[in-house]
Structures are given as C-alpha cells and as structure tokens.
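A short worksheet on the structure shown next.
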Amino acid sequence: MADNLFFTEEHELLRQSIREFVVKELNPHAADWEVEGLVPRSVFERMGELGFLGLNHPEEYGGGGGDYFTSIVLLEELARCETYGVNTGVAVQVGMATPPILAFGTEEQKQRYVVPAIRGEKIACLGITEPDAGSDVSRVSTFAEKVDGGWRVNGNKIFITNGYRADFMTMLARTEKRSGYKGMSLFLVDTDTPGYNVSRKLEKVGQWSSDTAEIFFEDMLLPEDALLGEEGRGFYNIMWELQAERLTVAAACVATASDVLDTAVNYAREREQFGKPIIKNQALAHRVADLYTQIEAARSLTYLTAWRYDHGEYPVKEISMAKLLATRVAFEVADEAMQIMGGYGYMMEYLVQRAWRDIRIARIGGGTDEIMREVICTALGL
Ligand SMILES: Cc1cc2nc3c(=O)[nH]c(=O)nc-3n(C[C@H](O)[C@H](O)[C@H](O)COP(=O)(O)OP(=O)(O)OC[C@H]3O[C@@H](n4cnc5c(N)ncnc54)[C@H](O)[C@@H]3O)c2cc1C
C-alpha cells in the first residue's frame, strides 16, 4: 500500500525532521540511557521545544493542531530510535496521560498540566494498573474518600511508565464503595503531594531506558479540583483514551518490525555459509517473504483503522485487531530476525537483541493479546 494514501507531504516533512532528530540527538546517547535506565528530562524539554510533544493537540494549548496521523508519524519514527524507552515515555505523555485532560478537563486543568506537558516542562504518567487490577480494571481498589475540601487517597499503583520521575499522574481511583466499573473517577495528582511515594523503580526484561515504578498513596490529600471529568465516569473515560493509544502501539510495532527485518535481510545478503550468502537458501528467503507479507498486512490494517478513527469513527473491533496483529507480527519478526543472524543476533553488540527484548511488552501493555481477542469476540457477538 502506498503510504501517500494516508500521509501528505506535510506528514513526510515531519517524518524527516523527527528521523533527523532521532539519528542526531537520540541515537548517540541510546546505549548510555539503556545502562542508566532512564531517558533524561532534557529529551522531553528538547522535544517540547521542537513541537513534537503536542503534534495533534490543539494549537490554543501550544500543540500543532495536526491530525491523528501526525502522532502515528511521531511514534513510528521514535520506534526506530536505538533505545525504545523514548518511544514508550513519549507515548504515555502525548497519547495516554494528556488526552483525557483535553477531553474531560477544565480550562484550568488544561493550562496547568497540558500546556507544560506539551512544552516538555512537565512529565506525565498514567496510573491505572494495581497489583490486583491488571487486565481486570474493575478491580481497581485505590480509594479516594471525599473529605472536607477535597479527597483523601489510599492505594497502590504498579508498572507505571515514567512513574519514577513524573511531575503528575492521571490516576484512576474508586470513589464509591462498590465493585465493578461504576463508581471510579479520574484524578490529576501532582507527584510532590505529601503521601505520594515512589516505592521502587522496577527492573525489566527490556525497555531499559523507560523508567517503570511502583507507587503508594498514603493518606494523600487532593484538592477538590483534582477530580478530572465527571465523578463516577473514570473507567469509561479512560477506556475511551486507550483506543487511540492501541493504534499508535500497532503503528510503532510495524515500524520496528520493518526495520528489524531489513537489518536481518541485509545481514543475510552478506553472510556466507556453504559457499553462498545465506539468503540464497530458499527456506530462508521464503520465510522472509512471509514476514514481509505479515508486516504489510499489519500496516494496512493499522493505517486504514487509523484513517477511520481520524474521520470520527470509533472502530473498537478493528483497533483491537490491529493491535493484536501488529504486536504479534513484530515479536515474531524480531525473533526470526535473531534466528537469521544466528549467534551474532544474540550478542549485545547487535541491536536485534534489543528489539527482541523491547517489543515483547507490546503484547502485554495497553491490553494483552487475550484481552484484544475478548474485545473482538464481544464485537462479533461471541
Ligand atoms: C513495562 C510495562 C509498562 C506499563 N505501563 C503502564 C502504565 O504506564 N500505566 C498503567 O496503568 N499500567 C501500565 N502497565 C500495566 C499493563 O497495562 C498490564 O501489565 C496489563 O494490562 C496486564 O495486566 P497484568 O500484568 O496484571 O496481567 P493479568 O491481567 O494478571 O494477566 C495475566 C495473563 O492472564 C490473561 N488474562 C487475563 N484475563 C483474561 C481473560 N479474561 N481471558 C483470557 N486471558 C486473560 C492475560 O492476557 C495475561 O496473559 C505496564 C506494564 C508493563 C509490563
């Protein structure tokens, strides 16, 4: 499929400038950030300066006012960065933690959180998951009790991206003592609020430069105006936001898969065994043909679904299909790319190992494979 069915010349210019930024300003530091386990705050500041943190956010808040495909371009290009943590941290900032504020927040909340987030002056995180509430968000038990002048919050969040050093959290908590999806609300929490405690930075298989934290709230007092959107609508509002995020995950996975496969194929053209380049073995070349076919199928579904989303549809079934397909294809491609590169692919000095470690989370975060299938089944009436 020709990319220009979906991307204009402006998108392509944007793509070039982000690609240049990745090559010149991110990649030279990628190995260090992997070891340090953190992308420095200055990256957010620089991206804010370049206008990359609000590409499709409204201009009145400092955003670029672009369409949804501008955010796809951003995350596709960041997916090519030699450390995947930048992509993950930025995706949370631009695609997960701030859109609910734009959609449901007051003018004051937008000025206080979205404007500095777009400038890269504040780092955002999203707090949904808890030790007992992963796929089943209805089990969220962090409780915000109404008290004089505001809310007293007690509870615990886990696996929070950017959580180690975020300035604010868009947080889901229960506001009614009942079970199920009703009675939950969203809050905006400044992380310097007394009672907000980052208990540990978590060690992960991949995505080393993305900081992931566990957080405790102990008698944390929030003002009344920390409530984001309508009380009791938190679950529904956050589920609305997750759809766009799932599509950008799919697009980023397709970009990573393409790059990794290109790298492995280039290697296979050069590497000779039994007197010829290994790519000349039909068994291997056919496998490569299958993988490129799968990537193209994932790309087409993702772009078409993104186009429908951008034109006002809410194609939940296809969004779930795109995420399910693209994330699985990306992991399969990374695994096969390592196979094609043999022992060299397993060595830390070749980047294919990083893709293999980093991309695995895409099948878990933002809704697992199994949950995507559940959503598709529901949409099919099964
Ligand atoms: C690196 C990383 C970053 C993350 N970042 C964030 C973040 O910034 N903010 C945030 O809120 N969360 C974040 N998460 C949490 C992530 O969204 C959850 O891990 C994910 O939703 C799955 O929840 P769980 O890990 O508790 O697994 P569980 O829900 O316990 O699932 C375990 C297994 O059971 C399967 N399963 C569960 N229910 C069903 C079912 N009904 N049918 C079939 N199979 C089922 C799952 O698919 C999975 O295979 C992050 C996670 C990781 C690992």
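The values are calculated or read from the model by the stated rules, or taken from the named source; none is laboratory data. This one's a predicted model, so the numbers in the text were calculated from it and none came from an experiment. Note: ideal-geometry Cβ built from the backbone for every residue, glycine included; neighbour counts use all protein chains shown. Calculation scope for accessible area: heavy atoms of the full protein, side chains included, ligands and nucleic acids excluded. Shrake-Rupley method; radii C 1.70, N 1.55, O 1.52, S 1.80 Å.
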Legend entry - Bridge type composition, the chain - antiparallel percent by DSSP, nearest 5: 85 percent
Legend entry - Antiparallel content of DSSP bridges confined to region 106-182, in %, to 5: 55 percent
Legend entry - Candidates N87, N281, N27: whichever shows maximal mean-square fluctuation once the chain is modelled as a Gaussian network with Cα springs under 10 Å: N281
Legend entry - Distance histogram in 5 Å bins (all Cα pairs of region 196-236, percent per bin): 5, 17, 15, 15, 17, 15, 12, 4
Legend entry - Cα-based convex hull, region 123-274, per residue volume (Å³, whole number): 134 Å³
Inset, instruction - Show the residues, 5+ positions off or on another chain, whose built amide H is closer than 5 Å to the amide H of N156. - result: T142, F217
Legend entry - Principal-axis tilt of helix 234-270 within the chain, Cα atoms, nearest 10 degrees: 20 degrees
Inset, instruction - May I ask you to derive the FRET efficiency for Y292 and E270 from their Cβ-Cβ distance with R0 = 22 Å, giving the value to the nearest 0.05? - result: 0.75
Inset, instruction - Over the Cα atoms of region 299-382, compute the convex hull volume and normalise it per residue, giving Å³. - result: 100 Å³
Inset, instruction - With everything on Cα atoms, drop me the angle between helix 27-36 and the longest principal axis of the chain, reported from 0 to 90° to the nearest 10. - result: 60 degrees
Legend entry - 5 angstrom amide H check on V39, placed H, neighbours 5+ away: D211
Inset, instruction - Would you compute the Debye intensity of region 84-157 from its alpha-carbon atoms alone, equal scatterers and no solvent, and pass along log10 I(q)/I(0) at q = 0.15, 0.18, 0.19 Å⁻¹ to two decimals? - result: -0.68, -0.93, -0.99
Legend entry - Residues with amide H under 5 Å from that of L221, placed H, sequence gap 5 or more: V153
Inset, instruction - With just the Cα atoms of region 229-297, tell me how far they stretch along each of the three principal axes, in Å, largest first. - result: 70, 17, 13
Legend entry - Gained length - E332 relative to T378, 0.36 nm times residue gap less alpha-carbon distance: 13.9 nm
Legend entry - Entries in K110/K204; K122/K177; K122/K323; K280/K323 that, when Cα-Cα distance is taken, lie over 31 Å: K110/K204; K122/K177; K280/K323
Inset, instruction - Output ³J(HN,Hα) for region 79-95: one whole-Hz value per residue in order, computed from phi by the Karplus curve 6.51 cos²θ - 1.76 cosθ + 1.60 with θ = phi - 60°, and x for Gly and Pro. - result: 5, 8, 5, 6, 9, 6, x, 5, 4, 5, x, 5, 4, 5, 5, 8, x
Inset, instruction - Would you calculate the separation in nanometres between label points at R19 and D369, each defined as 7 Å from the Cα along the Cα-to-beta-carbon direction? - result: 3.2 nm
Inset, instruction - Take every Cα pair under 8 Å in the chain that's 6+ residues apart, average their separations, divide by the length, and report that relative contact order as a whole percent. - result: 15 percent
Legend entry - Efficiency of FRET between E36 and M347 - r from beta-carbon atoms, R0 22 angstrom, step 0.05: 0.55
Legend entry - Equivalent ellipsoid dimensions for region 1-133 as semi-axes, Å, which come from the Cα gyration tensor, largest first: 23, 21, 15
Legend entry - Value of relative contact order over region 102-152, rounded to a whole percent, pairs C-alpha under 8 Å and six or more apart: 16 percent
Legend entry - Surface share of carbon and sulfur [accessible, 1.4 angstrom probe, percent] for the chain: 52 percent
Legend entry - Label zone at S179, where the point sits 7 Å out along the Cα-to-Cβ direction: region 142-172 residues whose backbone N lies under 16 Å: 142
Inset, instruction - Name the residue, out of G229, G64, G149, whose mean-square fluctuation peaks in a Gaussian network model built on the chain with Cα pairs under 10 Å. - result: G149
Inset, instruction - Could you provide, to the nearest whole Å², the per residue accessible area of the chain with probe 1.4 Å? - result: 45 Å²
Inset, instruction - Can you tell me the 0 to 90 degree angle between the C-alpha axis of helix 282-310 and the longest principal axis of the chain, rounded to 10? - result: 30 degrees
Legend entry - Per-residue HN-Hα couplings for region 14-26 [Karplus 6.51, -1.76, 1.60; θ = phi - 60°; Hz; x = Gly/Pro]: 4, 4, 4, 5, 5, 4, 4, 4, 4, 5, 7, 10, 9
Inset, instruction - With the Cα gyration tensor of the chain in hand, convert its eigenvalues to equivalent ellipsoid semi-axes via √(5λ) and list them largest first in whole Å. - result: 37, 21, 21
Legend entry - Cα-based radius of gyration of region 232-382 once divided by 2.2 N^0.38 Å, which approximates compact folds: 1.20
Inset, instruction - Give me the number: length gained by fully extending E203 to Y236, i.e. 0.36 nm times residue separation minus the C-alpha to C-alpha distance, one decimal in nm. - result: 8.8 nm
Inset, instruction - Please work out the ratio of the alpha-carbon Rg of region 163-214 to 2.2 N^0.38 Å and round it to two decimals. - result: 1.41
Inset, instruction - Report the local net charge at D219: Lys and Arg +1, Asp and Glu -1, summed over other residues whose C-beta lies under 13 Å from its C-beta. - result: -1
